[in-house]
1. Provide the solvent-accessible area of Arg127, counting protein heavy atoms only and rolling a 1.4 Å probe, rounded to the nearest 10 Å².
2. Excluding ligands, DNA and RNA, what is the solvent-accessible area per residue of the stretch 51-131 at a probe of 1.4 Å, expressed in Å²?
3. Output ³J(HN,Hα) for the stretch 5-13: one whole-Hz value per residue in order, computed from phi by the Karplus curve 6.51 cos²θ - 1.76 cosθ + 1.60 with θ = phi - 60°, and x for Gly and Pro.
4. Can you list the HN-Hα couplings for the stretch 57-66, worked out from phi with the Karplus curve (6.51, -1.76, 1.60; θ = phi - 60°), rounded to whole Hz and with x for Gly and Pro?
5. Points 7 angstrom from Cα along the Cβ direction at Asp73 and Lys58: gap in nanometres?
6. Which one, Ile99, Ile57, Ile159, has the greatest fluctuation when you compute a Gaussian network model over the chain with C-alpha springs under 10 angstrom?
7. Taking the DSSP beta bridges in the chain as the whole, what percent of them are antiparallel, to the nearest 5?
8. Can you work out the FRET efficiency for the pair Asn113 and Phe25, with r the C-beta to C-beta distance and R0 = 25 Å, to the nearest 0.05?
Amino acid sequence: MQEYLEIGQIVNTHGLKGYLKVVPFTDDISRFKEIKTVYIVFRNELVECKIEDVKFIKNLVNLKFVGIDDINDAEKYKGCYLRISRKDAKKLDKNTYFIVDLIGLSVYDEQENKIGILDDIFSAGSRDVYAVKTEDGKQILLPAISKAIKKIDIEQGKIIVDVSQGVCN
């Protein structure tokens, strides 16, 4: 499992005082109020930053970090990703997983025949959709519902699905 979890991407600066505009990768953006420390992925290095202030504007998060005090300091971080340590991540409910832990898992049908690899997960309105890349390079899209996703076993690295609930591309 990855030690750090990606929680957003810095897309721009905001104002002149060093605020950074972030697109959050979490379902609950209010969670940013609880986070004290993040790591900016800058030139393939993790730069530890303490959060000084958090503001919400529509679906974006504006963050002010200690030591980044003007637009010139902030400008260099545009496009960078934010991560937190896994130990600082919110505890998940039962049968809820971090996307990073699911991507790459082997996907099997209910008879244990390998279908492919979980290649992507994306939001489609009220639910997520799992994109499975099959052994022959095709893609099966499965809604993230109990009818389609029968079992997830992170430790064994596999997902059991009902392919009849999916759509082939």
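1. 110 Å²
2. Each residue of the stretch 51-131 exposes 61 Å² on average to a 1.4 Å probe.
3. Couplings: 10, 6, 10, x, 10, 6, 10, 5, 8 Hz.
4. Karplus values, whole Hz, x for Gly and Pro: 10, 6, 9, 10, 10, 9, 10, 10, 9, 4.
5. 2.8 nm
6. Checking each option, the largest mean-square fluctuation is seen for Ile57.
7. Around 95 percent antiparallel, to the nearest 5.
8. 0.15
The values are calculated or read from the model by the stated rules, or taken from the named source; none is laboratory data. Small disclaimer: the values here were computed from a predicted structure and weren't measured. Glycine also receives a Cβ, built like all others from the backbone with ideal geometry; neighbour counts cover every protein chain displayed. What goes into the accessible areas is simple: the full protein's heavy atoms, side chains included, and nothing from ligands, DNA or RNA. Shrake-Rupley method; radii C 1.70, N 1.55, O 1.52, S 1.80 Å.
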